[in-house]
C-alpha cells in the first residue's frame, strides 16, 4: 500500500534558511536542523526577493541531493525551461511551479513534454476573501489573480502538472492547523496527488489533515518539527492513529 | 577502471544516482556517446520523461544497439524507472513506441481508481529470489514516481510486485538484465542496498 508522505518544506532567502511567518524571515536556523533520513520527501523553495534561483540556492539544492537519498523538489521563481534544466542538473527530482503560470501558462506544458508530468508540482497559494470564497495569490502573496483555486488547479492539471500543493497563505506559519475545507475541496475534485501545506503546529494537525482529506502528503514548515526525534515522534503518533506511514 | 557505465542522454536528474554510487565508493562513468562506454563495466540505465523521446535519444546516439550488444556479451544491466520500462518490447505512452525489447512485456498508463501519477513510498512484495534484493526484507518501502506500468509480462521474471489499486511488477530479472520501477537512489538504506547488490552480486 502507498504510504502517506511527511514532507519537510524549507524556504531560503539569499541562501539562508528561515521559517516562514507569512513570508517574514527568521534567520536563526540552518540546514543542519533537518533530519535527512526520517523525512519522506524534501521541498526547497527560494523566496529571495531578488536574484531568484541564485548560485547560493543551487548550492543548497546540490547539498541536499548529495546528502539525503530522498526525493527533492525545488522551486521559487522558476520562469523558463533554462531554470528547470538547471534545477534538474543540480539534483532536483521535481520542480515546483507557482507564479509563472500567471504570465506563462505554457511553461508547465513544456516541462511536462520534456520531463513528464510526474516531474512537476504546481503550488497554489490561496487566500480567503471577506465573502468566504477563495482567490489564488501569486508573487509571494502580492498579486491577486482573481482565479478560484479550483479554476487555477484546472489550468495546472490540464497543462500537465503531476501533483498539486495547496496552501492557505493566512494559515502559513500560524501553527493553527491546515485549512481542511480548502484542501478537502481540491483533493475531492482532482485525480492527481494533492499535498497540503500551511499551518501545522502539532502532530494532531497532521493527523486531522490525513483523516479529513484525501491528501497524499502533509508538508510542514515548522522548524521545530525538523529534528530527528520530532519527525520520528510525529510518525509514531500518526501510526498509533492508524495512518499508513513509512517508518 | 570505472565499475559502472551510466547512460546519460541528458534527461533528468543523475546527481542523486552519482552521489549514491559515491557514497558506496563505486566508481562510475557518465556515458553520453557509444565510445564513452568502458568494455568490462556493468551498465545502469536511469531515465525520466517520455518513453518515445527517451528511446529516440538512445537511438540517435546508437546507444540502444550498444546496450543490446553488451547484454548479449553477458554484461549486467540495471534499468531504473523509465530505464526499467524501456527494457521491454513496447509502450503505449503518447502513441506506440518500441523499447529495447530485452524482456517481453508492454508498458501502459496506470488505469485504476487511484491517483495518477503513483508518487511516494510503497512496498515491494517478493515473488522470487534475486541477488539484487540480497539483505532487503520482504515488504520494504521504496520510492515510486511514475504514471505508466508494466502491464503484460512473464511471471517467472518478476522479482517483486507492488500494489496500487492494481498489482504490478516493481522489479524484474531476466538473466543479466535487471530493472526496478522505483528509484533506488531515492529510497535511502534499502535503495542503496539495491545499488550495492547490483554492483557486487549481479
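Read-outs: derived from the displayed coordinates by stated rules, not from any lab. If you're wondering where the values come from, they're calculated on a predicted model, not measured in any experiment. Virtual Cβ from ideal backbone geometry, glycine too; neighbours counted across all protein chains shown.
Observations
- Counting only residues that are assigned to a strand (DSSP E or B) and crowded, with 23+ Cβ neighbours inside 10 Å, the range B:176-195 holds 3 of them.
- Taking the conditions (1) surrounded by 14 or more Cβ atoms within 10 Å (Cβ to Cβ); (2) closer than 21 Å to residue A:90 by Cα in turn, residue B:75 satisfies each one other than (2).
- Of residues in the range B:113-138 being at the interface with chain A (Cβ under 10 Å from one of its Cβ atoms) and farther than 17 Å from residue A:117 by Cα, the one surrounded by the fewest Cβ atoms within 10 Å (Cβ to Cβ): B:113
- For beta carbons closer than 6 Å, sequence separation of 6+ or different chains, a first residue in the range B:21-35 that is within 21 Å of residue B:11 (Cα to Cα) and a second that is in a strand (DSSP E or B), the qualifying pairs are B:21/B:28; B:28/B:4; B:28/B:6; B:29/B:5; B:30/B:6; B:31/B:5; B:31/B:7.
- Which numbered condition residue A:151 fails, given (1) in contact with a helix residue (DSSP H, G or I) (Cβ under 9 Å, 6 or more places away or on another chain); (2) away from chain B (no Cβ under 14 Å): (1)
- For residue A:69, the conditions (1) within 13 Å of chain B (Cβ to nearest Cβ); (2) surrounded by 17 or more Cβ atoms within 10 Å (Cβ to Cβ); (3) not in a loop (DSSP other than H, G, I, E, B) all hold with the exception of (3).
- Within the range A:83-103, the set of residues being more than 14 Å from every other protein chain (Cβ to nearest Cβ) and out of contact with any helix residue (DSSP H, G or I) (no Cβ under 8 Å at 6 or more places or on another chain) comprises A:83, A:98, A:99, A:102, A:103.
- The single condition from (1) closer than 30 Å to residue B:52 by Cβ; (2) touching a residue at least 40 places away in the same chain (Cβ under 8 Å); (3) touching a strand residue (DSSP E or B) at 6+ places or on another chain (Cβ under 8 Å) that residue A:117 fails is (3).
- Boolean, residue A:171 is on the phi < 0 side of the Ramachandran plot, under 16 Å from the mean Cα position of the chain (by Cα) and touching a residue at least 12 places away in the same chain (Cβ under 8 Å): yes
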